[in-house]
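The values are calculated or read from the model by the stated rules, or taken from the named source; none is laboratory data. Quick caveat, the model's predicted, so the values are computed rather than measured. To get the accessible areas, we keep the full protein, side chains included, count just its heavy atoms, and leave off ligands, DNA and RNA. Shrake-Rupley method; radii C 1.70, N 1.55, O 1.52, S 1.80 Å.
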Amino acid sequence: MSDVFLTVLLTLDATIRVSSPLILAAMAGLFAERSGVVDIGLEGKMLASAFAAASVAAVVGSPWAGLGVAIIVSCGLAMLHGFATITHRGDQIVSGMAINILVGGLTIILGLAWFHQGGLTPALNNESRFLSITLPYAEQLAYIPVLGPIYKELISGHNILVYAAFAVVPMVWWVVFRTRFGLRLRAVGENPTAVDTAGLSVIKLRYKALLIGGVLCGVAGAYIATAHNAQFTRDMTAGQGYIALAALIFGKWRPLTVMLACLLFGFLDALAVRLQGVVIPGIGEIPVQFIEATPYLLTVILLAGFIGRAIPPKASGMAYVKER
């Protein structure tokens, strides 16, 4: 196996790992925005879930317990966002940013108070983490040219939450575009008045969408802290919630294209790691700061209008006031 092929394979493998929380968060945002609620609070929910998962896993010694608590915490924040924006018709952007700011400070305070490690949680051992799974015959097939290494390095060797993230995408597509709930969800995002006239509760449908998003964000946060990493660190989501929102717009609120957008961002992030310290002929060594900023620069460039016209659901960001 050539060095170039191995490098490409390992970069793609890292892309899958880095993209997984983005995919989960973007699917969460898709449910929210399809129902007419802008969820800027994806970042805060992921960060709170990461802290909860790492804390519980460190104390209890079970990653599944950490995952369960992470989902509960994320759903609680989702309901808080719903209470502010759906029930009381508050500004959705302000509410989401308030959640992000609240969580950013609260995780540090609680980390200092509980673990006395500068805002960090204790490092997790293997029993407290989601470990990689080796698929059947990965070792035996590794000697087959091209296909063997692809199966072993790219398809096998991921933890269960990575596989869950990619399995969620077709499930989301089916729910949103092939079920009665999905039809009602899209109708709420486009014309809530018509949905209300048909005798359906706009408020309940939007709360359900946020609750589903809370579950997905909880899994994303747990993945970051107990699978991709082995502890919680300050601000460890590093803007991934905002990148997920950018991928949602880039993918034009459709699950499959949103997933591809997340993979693109993940690839840039994985490539940035590979390029650190590499000297490119005619250019020289690329500064580490520029490499690390590349995914965020792409986010700005794409959102500046280089993706064509992206039209959100008509009622997205608008509070619904029931007509008397």
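Over the Cα atoms of the range 76-173, Rg to Rh with Kirkwood Rh, two decimal places?
Rg/Rh: 1.19.
For the chain, what does the equivalent ellipsoid look like in terms of its semi-axes, each the square root of 5 times an eigenvalue of the Cα gyration tensor, given largest first in whole Å?
34, 24, 20
Note down, for the range 13-90, the three equivalent ellipsoid semi-axes (square root of 5 times each alpha carbon gyration tensor eigenvalue), biggest first, whole angstrom.
Result for the range 13-90: semi-axes of 25, 18, 8 Å.
Enter the angle in degrees (range 0 to 90, nearest 10) between the Cα long axis of helix 240-250 and the first principal axis of the Cα atoms of the chain, meaning the one along which they spread out most.
70
Enter the angle in degrees (range 0 to 90, nearest 10) between the Cα long axis of helix 92-115 and the first principal axis of the Cα atoms of the chain, meaning the one along which they spread out most.
That helix lies at roughly 50 degrees to the long axis.
What order do 294, 121, 134 take when sorted by accessible area (1.4 Å probe), most exposed first?
134, 294, 121
Can you sort 253, 64, 173 by 1.4 Å-probe accessible area, starting with the largest? Please list the in-between numbers first.
Details: 253 15, 64 145, 173 85 Å².
Putting 253, 64, 173 in descending order of accessible area: 64, 173, 253.
Which angle from 0 to 90°, rounded to the nearest 10, does the C-alpha axis of helix 3-34 make with the longest principal axis of the chain?
10
Excluding same-chain pairs closer than 8 in sequence, count the lysine pairs in the chain whose Cα atoms lie under 28 Å apart.
Final tally of qualifying lysine pairs is 12.
With a 1.4 Å probe and all protein chains kept in place, how much accessible area does residue 242 have, in Å² rounded to the nearest 10?
That residue has around 90 Å² of solvent-accessible surface.
Have a look at 224, 243, 155 and tell me which one the Gaussian network model of the chain (Cα, springs below 10 Å) gives the largest fluctuation.
It is 155.
Top mean-square fluctuation among 12, 42, 102, Gaussian network model of the chain, C-alpha springs under 10 Å?
Of 12, 42, 102, the most mobile in the Gaussian network model is 102.
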